[in-house]
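Some notes on the structure that comes next.
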Amino acid sequence: MSETINGDGVAVAANGVGKTFDTRSGEVQALTGVDLRVAAGEFVSLIGPSGCGKSTLMRLLADLDSPSEGTIEVFGKTPAQARRDQDYGIAFQQAGLLPWRTVAANIGLPLELHGTDRAARAARVAELAELVGLSDFADRYPDQLSGGMQQRVAIARSLAEQPRLLLMDEPFGALDEMTRERMQAELSRIVGESGAAVVFVTHSIPEAVFLSDRVVVMSPRPGRITGVVDIGIGRDVPRDESLRETTAFFAKVTEVREALHGTPVTASGREGR
Amino acid sequence: MSVVDGVRSPRRDRTLRLVAPVAVGLLGLAVWQLLVGVVGVSAYLLPSPSEIAAEWTANAGPIAEAAWITGVNAVLGLLVGSAVGVALAAVAARLRWIDQMLAPVVAGLAVVPIVALAPVLNSMFGADSEIGRRTIAAIASFVPVFLNTLRGLRQTTPLHRDLMRSYAATGSQTLRTLTLPTAAPYVLTGLRVASSLAVISALVAEYFGGPRGGLGAFISTSAATSAYARAWAYVGASIVLGLGLYLVTVALERLVTRLLTGGAR
Ligand SMILES: Nc1ncnc2c1ncn2[C@@H]1O[C@H](COP(=O)(O)OP(=O)(O)O)[C@@H](O)[C@H]1O
Ligand SMILES: [Mg+2]
């Protein structure tokens, strides 16, 4: 059944997902009653204050952890199967590069692990390095790169096997504002070209609005989804600096903020922005 | 990195690194010779470098032979001790209870003084056996290799482990691409420390019985017969032996680092 319903159209389907951690100081309910659907090719951001379970939800989707209740399907399969089939690529707040490997060898790591032959790997790595603008740095080591460059390597690595789903946990969280905005534009272009669905965790409202088709707003204690904002800025609208100046953009930023705070933001508050 | 240091060329750096210690050494020898020759420190307190050098040339054959005997003991001890150290660390890194079982044993071994163990082992293996000394060198080498390797095997970060899991990497793939490269520098540090300890303990063990013939035995006989310059010549040979083994481990460290980084660095 799930094949016909979820086979192609749905990247992620979470139903009534909850996650409880057993800690020394008792049980921590990190997530409860999470229902989420991400269509193939859709860009969905998860936003919310620290501790609302964004990372936990992403780890569940990636099968880095398993839910305490509810079910998750990734392209109609269990997350474990999707992980084994390499249906998703993943990137975290820390780039997590292997310091003894060059940029090229880091980007090619998943390909290497999955037995892609040397020639095909070199070609794909060159393509990816080009895509993230690091062709000239392919032979460098991670400690010779800036934080933004390292993060681009990590993103290239997550794209290595052309996954249909990208899971990204605050990938730009450690970057300065300028680098961050440039990376957002780049990511938008890259994702547009690849056609992958994206689940993108962020703290930043403008970032979520800029990138997403939909923004899922979460709330802590216990972590749950409290609202969903359709951004409605079409994929055909170029994600560039001018978009950040439009009234439509500001209106969506305000809408997400209101959803996040649970109350309408006052007129003065709006101007203060 | 090399782009940054425009001021100091790498070649000049290397020359300086070689010349500086040699210069310091020569200066030290000159001061020493001066102290003995001019100031007149008595020869059994401190023989002059020239006397020691003369003894060295006169006894070049026996010195080389003695260094070989001690060296073989040290190297065999180092190899066995390190192999056991790495193997047990690998097991302890996997199985918590093994680790907990080994921890007190290793802590105990780490504080066993060679002087205490040497006479016991020497008489245990018999007066004409080198096994006791090799065992002592092995025990001395085992401790730093075990501790460093265990530490190294635990240095993989949760982030890297998550990544490997997300790639559905097999156990052996994770071992090869993540765990071993992470641990390698730690293992090599352990080896480097162990190399010096192996020489020292193989040598000191000779003071306490067992067959004669090694550097330690000659040092004690020479000193006992007031042949101080000769004793110092053997001490010099011990230093050369220790340094030699140390340099081998340093070279090994370099080699492994180069292999790890694909030789491109
Ligand atoms: N491995 C874990 N063990 C115990 N508690 C955890 C663990 N991971 C997350 N938590 C808890 O779950 C809650 C949600 O965490 P997280 O998903 O990291 O939030 P976010 O990413 O939104 O900041 C927090 O209260 C956190 O302390
Ligand atoms: Mg988080």
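The values are calculated or read from the model by the stated rules, or taken from the named source; none is laboratory data. Predicted, not measured: the structure shown is a model, and the values here were computed from it. Heads up, the Cβs are rebuilt from the backbone with ideal geometry, glycines too, and the neighbour counts pull from every protein chain shown. What goes into the accessible areas is simple: the full protein's heavy atoms, side chains included, and nothing from ligands, DNA or RNA. Shrake-Rupley method; radii C 1.70, N 1.55, O 1.52, S 1.80 Å.
Couple of notes before you dig in:
- Elements of the type strands (runs of 3 or more DSSP E) sitting completely within the stretch A:189-245 and holding at least 3 residues that are open to solvent by 30 Å² or more (accessible area, probe 1.4 Å): these cover A:224-230.
- Test result for B:SER172, open to solvent by 70 Å² or more (accessible area, probe 1.4 Å) and small (Gly, Ala, Ser): yes
- Qualifying position, being more than 10 Å from every other protein chain (Cβ to nearest Cβ) and assigned to a loop (DSSP other than H, G, I, E, B), among B:GLY236, B:GLY209: B:GLY209
- Qualifying residue in the stretch A:29-44 (condition: within 12 Å of ligand 2 (Cβ to nearest atom) and open to solvent by 40 Å² or more (accessible area, probe 1.4 Å)): no
- Checked against (1) open to solvent by 30 Å² or more (accessible area, probe 1.4 Å); (2) in contact with a strand residue (DSSP E or B) (Cβ under 6 Å, 6 or more places away or on another chain), A:PRO171 passes all but a single condition, namely (1).
- Residues of the stretch B:124-165 classified as within 30 Å of A:ALA91 (Cβ to Cβ) and either open to solvent by less than 80 Å² (accessible area, probe 1.4 Å) or touching a helix residue (DSSP H, G or I) at 6+ places or on another chain (Cβ under 8 Å) (or both), total: 14
- Within the stretch A:92-113, restricting attention to residues that are at the interface with another protein chain (Cβ under 8 Å from one of its Cβ atoms) and small (Gly, Ala, Ser), the residue that is farthest from ligand 1 (Cβ to nearest atom) is A:ALA105.
- Exclusive hit being open to solvent by 20 Å² or more (accessible area, probe 1.4 Å), β-branched (Val, Ile, Thr) and within 14 Å of chain B (Cβ to nearest Cβ), set A:THR116, A:THR71, A:THR20: A:THR116
- Every condition in (1) in contact (Cβ under 8 Å) with a residue 12 or more places away in the chain; (2) within 16 Å of ligand 2 (Cβ to nearest atom); (3) hydrophobic (A, V, I, L, M, F, W, C); (4) within 21 Å of B:LEU163 (Cβ to Cβ) is met by A:LEU64 except one, and the failing one is (1).
Here's the yes/no breakdown for (1) at pLDDT 90 or above; (2) open to solvent by 100 Å² or more (accessible area, probe 1.4 Å); (3) in a helix (DSSP H, G or I):
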position: B:ARG11; (1), (2), (3): no, yes, yes
position: B:ARG17; (1), (2), (3): no, yes, yes
position: B:ALA20; (1), (2), (3): no, no, yes
position: B:LEU29; (1), (2), (3): no, no, yes
position: B:GLY37; (1), (2), (3): no, no, yes
position: B:TYR44; (1), (2), (3): no, yes, no
position: B:SER50; (1), (2), (3): no, no, yes
position: B:ALA64; (1), (2), (3): yes, no, yes
position: B:ALA67; (1), (2), (3): yes, no, yes
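- Candidates A:GLY147, A:GLY53 - the one that is among the small types (Gly, Ala, Ser), open to solvent by less than 50 Å² (accessible area, probe 1.4 Å) and in the same structural domain as A:ALA196 (by TED's automatic domain parsing): A:GLY53
- Qualifying residue in the stretch A:89-100 (condition: at positive phi and either surrounded by fewer than 16 Cβ atoms within 10 Å (Cβ to Cβ) or among the aliphatic types (A, V, I, L, M) (or both)): no
- Residue pairs meeting the criteria (Cβ under 6 Å; at least 6 apart or on separate chains; first in the same structural domain as B:PRO62 (by TED's automatic domain parsing), in the stretch B:237-256; second open to solvent by less than 90 Å² (accessible area, probe 1.4 Å) and not aliphatic (A, V, I, L, M)): B:LEU241/B:GLY71; B:GLY242/B:SER196; B:LEU245/B:SER195; B:TYR246/B:SER195; B:TYR246/B:SER196; B:THR249/B:ARG192; B:THR249/B:SER195
- B:SER201 vs. criteria more than 9 Å from every other protein chain (Cβ to nearest Cβ) and open to solvent by less than 20 Å² (accessible area, probe 1.4 Å): yes
- Residue within the stretch A:41-50 that is in a loop (DSSP other than H, G, I, E, B) and either away from ligand 1 (no atom under 14 Å from the Cβ) or within 11 Å of another protein chain (Cβ to nearest Cβ) (or both) present: yes
Rundown of residues vs (1) away from ligand 1 (no atom under 16 Å from the Cβ); (2) within 14 Å of another protein chain (Cβ to nearest Cβ); (3) modelled with pLDDT of 95 or more, yes/no style:
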{"site": "A:SER135", "(1), (2), (3)": "yes, no, no"}
{"site": "A:MET168", "(1), (2), (3)": "no, yes, yes"}
{"site": "A:ARG180", "(1), (2), (3)": "yes, no, no"}
{"site": "A:GLU186", "(1), (2), (3)": "yes, no, no"}
{"site": "A:SER194", "(1), (2), (3)": "yes, no, no"}
{"site": "A:PHE200", "(1), (2), (3)": "no, no, yes"}
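- A:ALA122 among the small types (Gly, Ala, Ser) and away from chain B (no Cβ under 12 Å): yes
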